[in-house]
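The values are calculated or read from the model by the stated rules, or taken from the named source; none is laboratory data. Quick caveat, the model's predicted, so the values are computed rather than measured. In this analysis, Cβ positions are derived from the backbone assuming ideal geometry, glycine residues included, and neighbour counts consider all displayed protein chains.
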């Protein structure tokens, strides 16, 4: 092999390596940016639990099950699932996290999250209407899932009781609304049942991974603290 050929091979290898490095920096979404200690296991949806980390493989698996998705990076978080009085009385833990993630009040506060939305799962002969799955883009852990179900999902209550035991049960703020809640290792599974305009039952399922939400809140507070420190140091240097 001539010296010219060897140099050409080395140069080509370097170019490929640089290109791969650029792609990894530019498109990091499939790999969690920060590793954290495992959180306690709790509830699952299609085998996605408290320690499942969002990856390309998980997204592809969900597409097979639920159909096409819409994906968004960075956005708001909304944990105010019910009327303020219901949240205050029955879900103060979730309400506290909602406020922590939406401070200052009234402003649009965005977070480093990944949100998957499925609107056409019903075409696959499933009871699901609209599904939102929200993950942290910091460590890939799930934050909360919101799953709308038609009356064909009426067996969901019996299945959940069999798996997790009897829930807490109380009326919601809307007419004929019943809310059921399970708690496991700090996380919550909530099912809201109410009639639609035709009187048929419809269900809204919420899985709230409180432990993962706490990790996101702690991360954001640490980032804000570092930012403030950097600004303070910059001001000190200026004068």
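When you scan the range 24-34, do you find a residue that is under 26 Å from residue 130 (Cβ atoms), modelled with pLDDT of 90 or more and part of a loop (DSSP other than H, G, I, E, B), even just one? First the steps, then the outcome.
In the first step, residues of the range 24-34 are kept if they are under 26 Å from residue 130 (Cβ atoms); the result is 29-30.
Keeping just the survivors that are modelled with pLDDT of 90 or more gives none.
No: zero hits.
Examine the range 57-76 for a residue that is over 20 Å from residue 129 (Cβ atoms) and part of a loop (DSSP other than H, G, I, E, B), and state whether such a residue exists.
Yes, that holds for at least one residue.
Can you name every residue in the range 101-130 that is closer than 12 Å to residue 63 by Cα and surrounded by 18 or more Cβ atoms within 10 Å (Cβ to Cβ)?
If we filter the range 101-130 for residues that are closer than 12 Å to residue 63 by Cα, which is where we start, we get 116-121, 124.
Of everything in the range 101-130, those that are closer than 12 Å to residue 63 by Cα and surrounded by 18 or more Cβ atoms within 10 Å (Cβ to Cβ) turn out to be 116, 118, 121.
Among the residues that make up the range 151-173, is at least one of them modelled with pLDDT of 95 or more and surrounded by 19 or more Cβ atoms within 10 Å (Cβ to Cβ)?
no
Conditions: (1) in contact (Cβ under 8 Å) with a residue 24 or more places away in the chain; (2) in a strand (DSSP E or B). Residue 122 meets all but one. Number of the miss?
Of everything listed in (1) in contact (Cβ under 8 Å) with a residue 24 or more places away in the chain; (2) in a strand (DSSP E or B), residue 122 misses just condition (2).
When the range 97-119 is examined, which residues are found to be at pLDDT 90 or above and either touching a helix residue (DSSP H, G or I) at 6+ places or on another chain (Cβ under 8 Å) or under 16 Å from residue 212 (Cβ atoms) (or both)?
97, 98, 100, 101, 109, 111, 112, 113, 114, 115, 116, 118
Anything in the range 139-165 that is part of a loop (DSSP other than H, G, I, E, B), out of contact with any helix residue (DSSP H, G or I) (no Cβ under 8 Å at 6 or more places or on another chain) and under 24 Å from residue 58 (Cα atoms)? List them, or say none. Full working, then the answer.
Residues of the range 139-165 part of a loop (DSSP other than H, G, I, E, B): 139-141, 150, 154-155, 165.
Now drop any that are not out of contact with any helix residue (DSSP H, G or I) (no Cβ under 8 Å at 6 or more places or on another chain), which leaves 140, 154-155, 165.
If the condition is that a residue be part of a loop (DSSP other than H, G, I, E, B), out of contact with any helix residue (DSSP H, G or I) (no Cβ under 8 Å at 6 or more places or on another chain) and under 24 Å from residue 58 (Cα atoms), then 140 is the only one that fits.
Any idea how many residues of the range 186-205 are out of contact with any helix residue (DSSP H, G or I) (no Cβ under 9 Å at 6 or more places or on another chain) and crowded, with 22+ Cβ neighbours inside 10 Å?
0
State yes or no: is residue 108 in a loop (DSSP other than H, G, I, E, B) and under 11 Å from the mean Cα position of the chain (by Cα)? So that I can check it myself, show each step before the final result.
On the way: in a loop (DSSP other than H, G, I, E, B): yes; under 11 Å from the mean Cα position of the chain (by Cα): no.
Judged against the criteria, residue 108 is not a match.
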